[in-house]
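Presented below is the structure to which this report refers.
The values are calculated or read from the model by the stated rules, or taken from the named source; none is laboratory data. Please read all numbers here as calculations on a predicted model, not as lab measurements. Note: ideal-geometry Cβ built from the backbone for every residue, glycine included; neighbour counts use all protein chains shown. These accessible areas exclude ligands, DNA and RNA; they are computed on the full protein's heavy atoms, side chains included. Shrake-Rupley method; radii C 1.70, N 1.55, O 1.52, S 1.80 Å.
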Amino acid sequence: MKHFMQQAITAAKAAAKRGEVPVGAVLVDALTGTVLAAEGNRVEELRDPLAHAEMLVIQAALKQRGDKYLEDCDLYVTLEPCPLCASAISLARLRRVYFGAYDPKSGGTEHGPRIFEHDSCHHKPEVYGGIDESHCGALLTKFFSKKRHATEKDK
């Protein structure tokens, strides 16, 4: 598990270097331990508000497998999924979600709308939060601190 979260952290760091919010995700075939996709946010690069790391790895794995469900797959992501990504996780029927930092402001699984707790949620994956939380949170803190500092310099 630690190995896959480290890959997600590496993808988050690459996203930060591209000027993206540093969130990384890895989608793994739980039966074989094979990484199906690894990606960081690409919202700015693609000018696409849906290009979250989670969405990108889900789409890549679905395309690779030629199926509409990923029931035997686990997602490792550096930040608690937002409501958009939580909904996609449910629709793709992922088996488990492991995430790093909690997101009290914009999270969708443990905070905010808690997508998986609604009666209308068709599929509820197992969710484990706080995996390497301090490291994952530090990436975000550093990124936004630099961003604020740069904005203040421009004033």
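Numbers at a glance
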read-out	value
Residue-by-residue Karplus 3J(HN,Hα) for the stretch 82-87, coefficients 6.51, -1.76, 1.60, Hz, glycine and proline x	6, x, 4, 5, 4, 5
Inter-label distance for HIS122 and LYS68, nm, one decimal - labels placed 7 Å from Cα along Cα-to-Cβ	0.7 nm
Solvent-accessible area per residue for the stretch 1-97 (1.4 angstrom probe, square angstrom)	45 Å²
Rounded tilt (10° steps) of 2-17 against the dominant C-alpha axis of the chain	40 degrees
The stretch 59-155 - percent of accessible surface contributed by carbon and sulfur, probe 1.4 Å	50 percent
Label-point gap, in nm, between MET1 and SER106 - each point 7 angstrom along Cα→Cβ	2.6 nm
Acute angle (nearest 10 degrees) that the helix 53-65 long axis makes with the longest principal axis of the chain, alpha-carbon atoms	40 degrees
The stretch 1-89: Cα Rg divided by the 2.2 N^0.38 Å rule of thumb	1.00
Within the stretch 84-139: Cβ-based charge dipole about Cα centre, in debye rounded to nearest 20 (Lys, Arg +1; Asp, Glu -1)	200 debye
Contour excess over end-to-end distance, with Cα ends at LEU91 and ARG47 and 0.36 nm allotted per residue	13.4 nm
Estimated FRET transfer efficiency when R0 is 25 angstrom, pair THR141-ALA60 (beta carbons, to 0.05)	0.30
Distance from the stretch 74-122 to the stretch 1-73 (C-alpha centre basis), Å	14 Å
Computed E for LYS17/SER134 - FRET, C-beta separation, R0 25 angstrom, nearest 0.05	0.75
Acute angle (nearest 10 degrees) that the helix 133-154 long axis makes with the longest principal axis of the chain, alpha-carbon atoms	40 degrees
Cubic angstrom per residue, convex hull over Cα atoms of the stretch 11-150	103 Å³
